[in-house]
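**Student:** Take a look at the following structure, please.
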Amino acid sequence: MERLTWKEIQENYPDQWVGLIDVVYEQDNDATIQSAIVKYIDKDKNELTKMQIESNGRVLARYTTPNNIFQLGVVGYFG
C-alpha cells in the first residue's frame, strides 16, 4: 500500500467509498486530507462507517466525489 495525496485518491477511486488509514491532514486545516493510505475499496458506506467508529478513528471513511459533501457523515450507519 502506498501513500497517495487526496487528489490522487480521488483520481484513482472516483465516485466511491474508500477506507483510509494513516491520514495526514493539511497543516492549517485538520479536516482537509493531505495524504493517506487507501486500505479498503471494497466496502460500502455502512461498513466503512462502522469500521471508523469501532477503530476509534484509525480507519477513516470518505467518499471521493468532492461535490458530494453530505456523504461524509455517520448518519447512514445509525439509520
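The values are calculated or read from the model by the stated rules, or taken from the named source; none is laboratory data. Predicted model only: the values in this text are computed from it and were never measured. Using ideal geometry, Cβ is built from the backbone for each residue, glycine included, and neighbour counts are taken over all protein chains shown.
**Student:** (1) at pLDDT 95 or above; (2) part of a helix (DSSP H, G or I): which one isn't true of LYS39, the others all being true?
**Tutor:** Of everything listed in (1) at pLDDT 95 or above; (2) part of a helix (DSSP H, G or I), LYS39 misses just condition (2).
Conditions (1) among the hydrophobic types (A, V, I, L, M, F, W, C); (2) in contact with a Gly (Cβ under 9 Å, 6 or more places away or on another chain); (3) surrounded by fewer than 18 Cβ atoms within 10 Å (Cβ to Cβ); (4) in contact (Cβ under 8 Å) with a residue 12 or more places away in the chain, marked per residue:
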{"position": "ILE9", "(1), (2), (3), (4)": "yes, no, no, yes"}
{"position": "ILE21", "(1), (2), (3), (4)": "yes, no, yes, yes"}
{"position": "ASN29", "(1), (2), (3), (4)": "no, no, yes, no"}
{"position": "THR64", "(1), (2), (3), (4)": "no, no, no, yes"}
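**Student:** Here's something else I'd like to know. What number goes with the only condition from (1) on the phi > 0 side of the Ramachandran plot; (2) not in a loop (DSSP other than H, G, I, E, B) that ASP15 does not pass?
**Tutor:** Of everything listed in (1) on the phi > 0 side of the Ramachandran plot; (2) not in a loop (DSSP other than H, G, I, E, B), ASP15 misses just condition (2).
**Student:** Here is a further query. Got at least one residue in the range 45-67 being at pLDDT below 95, in a strand (DSSP E or B) and over 13 Å from the mean Cα position of the chain (by Cα)?
**Tutor:** So far as the range 45-67 goes, no, none of its residues is at pLDDT below 95, in a strand (DSSP E or B) and over 13 Å from the mean Cα position of the chain (by Cα).
**Student:** What is the number of the single condition among (1) surrounded by 14 or more Cβ atoms within 10 Å (Cβ to Cβ); (2) over 14 Å from TYR63 (Cα atoms) that MET1 does not meet?
**Tutor:** The number of the failed condition is (1).
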